[in-house]
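A short worksheet on the structure shown next.
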Amino acid sequence: MSITTRFAPSPTGYLHLGHVFSALIARRRARDEGGRFLLRIEDIDPGRCRPEFATAIEEDLAWLGIDWDGPVRVQSQHLPQYRAVLDTLAARGLLYPCFCTRSEIAAEVIRSTSAPHTPDGSPLYPGTCRRLSAAERAARIARGDRYALRLDMVRALAAVPGSLTFAEEGKGVVVCNPAQFGDAVLARKDAPASYHLCVTHDDAVQGVTLVTRGSDLQPATDLQRLLQELMGWPAPVYAHHHLLTDSAGRRLAKRDNAATIRALRAAGTTAEAVVSLAREAGEDISAR
Ligand code: GLU
């Protein structure tokens, strides 16, 4: 089977050296193994994503000579597909509407004795709206209350027999613990579908066989494997790579302007030098 990899940035800022490192890994694997390297713009969150950053991603990659195969997939152009997945899960009784606001959830969590957080950094949802009756749900929807859609984790796990695992290159089989996400949000009040839902859907429809991405996303794989299993999608192999850091050892972030490709280019750095910088920074850190 021929390999398909992808680079899937969110257009919430300009690309930095860490992104280039990540894109190079995915592209190198595809090129070395005669496969495909795809570019996907993950712009599902209208509050954080901006079209000018999406344009800049393509421009920066082109300037760097990092070419991709086929058309760019832009998530915001595929909303009916994500809606169809939500409908499928809802028809199986695996989703419920959640009317809670962030502050209501925070207050509820403070009242509880333990305050665990999910790997995404949000408080573990205490299940308030899961306990609403069908009539209460219908009444609140009818009066126009806005709601998110949450996965009923207990039901979802019951729908998937056996334990969930994924193959991590260099490590072997990793056992998943999706329950640590609790009743994860799959559609937000202000975003039509969640990152986890879109990423697994797109990896499946695009035939991605190897997911290369930063180690910060490794915990997300547990929930994504559950979604794949629920939807009958194939499981890619995963290769989570280390994250580039600045000289102070802090993870590079889009807010750090100095490491953006734009800033390096404006300072006169050539595309070849930027690619070398990203490669060297990656090698440097793997030697630590
Ligand atoms: N869009 C995600 C991000 O920029 C990456 C998704 C993925 O590689 O799975 O953090």
Using a 1.4 Å probe on the protein chains only, how many percent of the accessible area of the stretch 80-187 belongs to carbon and sulfur?
-> 56 percent
Report I105's accessible area, 1.4 Å probe, all protein chains in place, as a number in Å² to the nearest 10.
-> 20 Å²
Three-way shape call for the stretch 152-225 based on the alpha-carbon gyration tensor, with the a/c threshold at 1.5 = oblate
Accessible surface, the stretch 105-144, averaged per residue in Å² (probe 1.4 Å) | 66 Å²
Expressed in angstrom and rounded, the centroid-to-centroid distance over alpha carbons for the stretch 169-185 and the stretch 76-147 is 21 Å
If you put +1 on each Lys and Arg Cβ and -1 on each Asp and Glu Cβ, how big is the dipole of the chain around its Cα centre, in Debye rounded to 20?
-> 740 debye
Tell me, what is the per residue accessible area of the stretch 148-279 in Å², probe radius 1.4 Å?
-> 42 Å²
Quick one: which residues, 5+ away or cross-chain, put their amide H under 5 Å from the amide H of L244? H built at 1.01 Å from N.
-> L252
In nm, to one decimal, how far is the R143 label point from the R48 one, both placed 7 Å along Cα→Cβ?
-> 3.2 nm
Report the normalised scattering of the chain as log10 I(q)/I(0) at q = 0.17 Å⁻¹, calculated by the Debye formula with identical scatterers on the alpha carbons.
-> -1.47
A correct Karplus calculation of ³J(HN,Hα) over the stretch 148-158, with 6.51 cos²θ - 1.76 cosθ + 1.60, θ = phi - 60°, whole Hz and x for Gly and Pro, returns 9, 10, 10, 7, 7, 4, 5, 5, 4, 5, 5
Compute the relative contact order of the chain as a whole-number percentage, counting only Cα pairs closer than 8 Å that sit 6 or more residues apart in sequence.
-> 24 percent
Mean separation of Cα contacts under 8 Å, 6 or more apart, over the residue count of the stretch 123-273: relative contact order % | 22 percent
Cys with no candidate disulfide partner in the chain (beta-carbon separation under 4.7 Å rule) = C49, C100, C176, C198
Within the chain, which is the longest segment containing none of the GluC sites (Glu not before Pro) that sit in a DSSP loop and have at most 16 other Cβ atoms within 10 Å?
-> 34-168
Expected vector for the stretch 162-173, Karplus 3J(HN,Hα) from phi with 6.51, -1.76, 1.60 and θ = phi - 60°, integer Hz, x for Gly and Pro, equals x, 8, 8, 9, 9, 9, 10, 4, x, 10, x, 7
Got a number for carbon plus sulfur as a percent of the stretch 188-271's accessible area, 1.4 Å probe?
-> 52 percent
Answer with one residue from T221, N177, T209: the one whose Cα lies farthest towards the positive end of the charge dipole of the stretch 150-246, charges on Cβ with Lys, Arg +1 and Asp, Glu -1.
-> N177
With a ≥ b ≥ c from the Cα gyration tensor eigenvalues, square-rooted, and the rule rounded for a/c under 1.5, otherwise prolate when a/b > b/c and oblate otherwise, the stretch 80-187 is oblate
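The values are calculated or read from the model by the stated rules, or taken from the named source; none is laboratory data. Computed from a predicted structure; not experimentally measured. When we count neighbours, we look across all protein chains shown, and the Cβ atoms used for this are built from the backbone with ideal geometry, even at glycine. Surface accessibility is based on the protein's heavy atoms, side chains included, excluding ligands, DNA and RNA. Shrake-Rupley method; radii C 1.70, N 1.55, O 1.52, S 1.80 Å.
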